[in-house]
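Novice: Here it is: the structure, laid out below.
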Amino acid sequence: MATAPDLSARRAALTPDARAFTDHASGRAWTFAEIEDQANRLAAVLAPLGAGARVGLLTFNRAEGFIALFAAAKAGVILCPLNWRAPLLELRAVAASVGMSALVHDVDHYGLAAALAPDLPRLAMRNSGGFGLPEAPQIIAQLDEDAPWYLLFTSGTTGAPKAVIQTPRMALAVAMNIAQAMGLTSADQSVCYLPLFHTAGINLFTLPLFQWGGHSYILPRFDADRLLDLIAAGQVTQFFGVPTIWQAFAAHPGLQAAGIGRLRGLASGGAALPADLIRRFAHLGAVVRNGFGMTETGPTGFLIDPEGAQTRIGSVGKPQMMTEARLDGVPDGQPGEGELLMRGATVTPGYYRNPQATEAAFADGWLRTGDVARRDADGYYTIVDRLKDMYVSGGENVWPAEVEAALGLHPAVAEAAVVGVPDAKWGEAGLAFVILNPGQAVQPDELRQWCRQHLAAFKSPREVRVVQDLPRTASGKVRKTELKGRP
């Protein structure tokens, strides 16, 4: 059995007195040595649950979430970060699906934790930091690099959430991909604000930066004012955001004063970043690089290079160091379009306790992503759309992402989401939901006419609805299944 390194122990041995995290809400700073000490204390409590026991984690972003992650490795248990936004019934179903044995939670979710796990051992974090546990001897993790370390639950845009196995090998490979692509060093500082029950919350860039000896500010949740304050104060060198975050920044009155163009590295993922946003940030000297990844593949399977971010807008770049990719039905190295397949050390071995889903997801060792991608003659990839989102109108294939991009060119439109719905004449037709920029007003018919000027007639949506918000997953992706169900 090949074992993975104990990340908190190794980092504490290398740079014990350097800062690992700062909890922005409390102002408490944690050194790497303090993180290792707390991980050992918690591991001593978790170890009696038995090897492979599933331990839930229900918390806003805090350093203790990462302490629990390192403690799980030391104790040999499997950590299960839970979606605190989900209703109790869904959380119960998720906990039951993995056989949860205990629950670690913050004080903010004390009531929800008690309702979720009334008969299981529960351990609450202290508001002042840590768990209030006694000192414990150091435990060095002896975890198989291919064994489950933690589970992340898919966002459920295509059905019930599935538990995606995350292994130590994946964590090391993801860190290599990100560090190499972004040039991470121990001098870098970033912000952890996306939820810890999502791969971006853990891996962009907090866990990789921990391995590299860098420092992360931890915000309980997204707060545009605080994020821009940190950037303005020069306390951030690299930053990752999903498109909804970049849209919030673009609309924020303090964006220009924050000096975001000073940051060494900026990246976006989770969905396509609109071209107009990329150009708006470029005017501020901020080169935002589009990337692509999944819970199943790690979040930086692809990342556009800084030069391509401006000259190849829309592309997610090339596969990174630890990731292989090909297109189904397209000869290797040739330009073309097909379903994106991925493999490598960043790819999950499968879904926990779900062999049927695992078998369906893989073909000859390659993960079927469900995304259609296009590769150009230079090897750059562009995500076309989700395979399941394509609809057929009058016998022609329509990719919603193309229609959304056309709507996004209208100066009044901040964001658009398009779904295919039944149509008596065409079989299916497009239904577009549009969010407008602040202070803008436009009639749906005007937007339909706009589409007809920019798209073939069969691609233009039958109906456009102006809305205030869209249903989203934790990563900011639109839940299109919910849109299709709207009357």
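Novice: Which of the strands (runs of 3 or more DSSP E) contained wholly in region 254-305 include at least 3 residues that are more than 20 Å from Asp229 (Cα to Cα) and in contact (Cβ under 8 Å) with a residue 60 or more places away in the chain? Before the answer, list the steps.
Specialist: Numbers: elements: 265-268, 288-294, 298-303.
Answer list for region 254-305: 288-294, 298-303.
Novice: Sort through Gly308, Gly350 and tell me the only one that's touching a helix residue (DSSP H, G or I) at 6+ places or on another chain (Cβ under 9 Å), in contact (Cβ under 8 Å) with a residue 24 or more places away in the chain and not assigned by TED's automatic domain parsing to the domain that holds Val413. Even if it seems obvious, please write down each step before you answer.
Specialist: Numbers: Gly308 fails: touching a helix residue (DSSP H, G or I) at 6+ places or on another chain (Cβ under 9 Å).
Going through Gly308, Gly350 in turn, just one is touching a helix residue (DSSP H, G or I) at 6+ places or on another chain (Cβ under 9 Å), in contact (Cβ under 8 Å) with a residue 24 or more places away in the chain and not assigned by TED's automatic domain parsing to the domain that holds Val413: Gly350.
Novice: Of the residues Asn127, Asn83, Asn61, which is over 20 Å from Ala43 (Cβ atoms) and surrounded by 24 or more Cβ atoms within 10 Å (Cβ to Cβ)? Break it down stepwise before answering.
Specialist: Numbers: Asn127 fails: surrounded by 24 or more Cβ atoms within 10 Å (Cβ to Cβ); Asn83 fails: surrounded by 24 or more Cβ atoms within 10 Å (Cβ to Cβ).
Just a single option satisfies the conditions, and that option is Asn61.
Novice: OK, next. Any idea which of (1) at pLDDT 95 or above; (2) in contact with a Lys or Arg (Cβ under 7 Å, 6 or more places away or on another chain); (3) among the aliphatic types (A, V, I, L, M) is the one Val421 doesn't satisfy?
Specialist: For Val421, the failing item is (1).
Novice: Give the residues of region 309-318 that are under 17 Å from Ala377 (Cβ atoms) and surrounded by fewer than 20 Cβ atoms within 10 Å (Cβ to Cβ), sorted by residue number. Quick ask: steps written out before the conclusion?
Specialist: Initially, region 309-318 is screened for residues under 17 Å from Ala377 (Cβ atoms), giving 311-312, 314-318.
Answer for region 309-318, where residues must be under 17 Å from Ala377 (Cβ atoms) and surrounded by fewer than 20 Cβ atoms within 10 Å (Cβ to Cβ): Thr311, Arg312, Gly314, Lys318.
Novice: Condition first: surrounded by fewer than 24 Cβ atoms within 10 Å (Cβ to Cβ), in a helix (DSSP H, G or I) and touching a helix residue (DSSP H, G or I) at 6+ places or on another chain (Cβ under 6 Å). Now tell me which residues in region 194-221 satisfy that.
Specialist: Gln211
Novice: Still on this structure, I have one more. With the requirement that a residue be in a loop (DSSP other than H, G, I, E, B) and more than 30 Å from Ala53 (Cβ to Cβ), what does region 329-354 give you?
Specialist: To start, the set of residues in region 329-354 that are in a loop (DSSP other than H, G, I, E, B) comprises 329-335, 345-350, 352-354.
Scanning region 329-354 gives Gly329, Val330, Pro331, Asp332, Gly333, Gln334, Pro335.
Novice: Turning to a different aspect of this structure: Quick test for you: out of Arg326, Arg368, pick the one residue that is buried (at least 17 other Cβ atoms within 10 Å of the Cβ) and part of a strand (DSSP E or B).
Specialist: Numbers: Arg368 fails: buried (at least 17 other Cβ atoms within 10 Å of the Cβ).
That would be Arg326, the only listed residue that is buried (at least 17 other Cβ atoms within 10 Å of the Cβ) and part of a strand (DSSP E or B).
Novice: Being closer than 29 Å to Ala86 by Cβ and not hydrophobic (A, V, I, L, M, F, W, C) is the filter; apply it to region 15-40 and report the residue that is surrounded by the most Cβ atoms within 10 Å (Cβ to Cβ).
Specialist: Checked region 15-40; the qualifying residue surrounded by the most Cβ atoms within 10 Å (Cβ to Cβ) is Gln38.
Novice: If you don't mind, another one. Please go through (1) out of contact with any strand residue (DSSP E or B) (no Cβ under 9 Å at 6 or more places or on another chain); (2) closer than 24 Å to His215 by Cα for Gly293 and return the number of the only condition it doesn't satisfy.
Specialist: (1)
Novice: Additional query: Among the residues of region 392-401, is there at least one that is in a helix (DSSP H, G or I), within 23 Å of the chain's Cα centre (by Cα) and closer than 17 Å to Pro274 by Cα?
Specialist: Filtering region 392-401 for residues in a helix (DSSP H, G or I) gives 400-401.
Going one step further and asking which of them are within 23 Å of the chain's Cα centre (by Cα), we end up with 400-401.
From what is left, the residues that are closer than 17 Å to Pro274 by Cα are 400-401.
There is at least one residue in region 392-401 that is in a helix (DSSP H, G or I), within 23 Å of the chain's Cα centre (by Cα) and closer than 17 Å to Pro274 by Cα.
Novice: Follow-up. Scan region 131-146 residue by residue and report those that are in contact (Cβ under 8 Å) with a residue 12 or more places away in the chain, farther than 13 Å from Asp6 by Cβ and surrounded by fewer than 13 Cβ atoms within 10 Å (Cβ to Cβ).
Specialist: Matches in region 131-146: Pro134, Glu135, Pro137.
Novice: Something else now. Among the listed residues Gly485, Gly430, Gly439, identify the single one that is small (Gly, Ala, Ser) and buried (at least 21 other Cβ atoms within 10 Å of the Cβ). I'd like the intermediate steps shown before the answer.
Specialist: Values: Gly485 fails: buried (at least 21 other Cβ atoms within 10 Å of the Cβ); Gly439 fails: buried (at least 21 other Cβ atoms within 10 Å of the Cβ).
The unique qualifying residue is Gly430.
The values are calculated or read from the model by the stated rules, or taken from the named source; none is laboratory data. Please read all numbers here as calculations on a predicted model, not as lab measurements. All Cβ positions, even for glycine, are placed from backbone atoms using ideal geometry, and neighbour counts span all protein chains on display.
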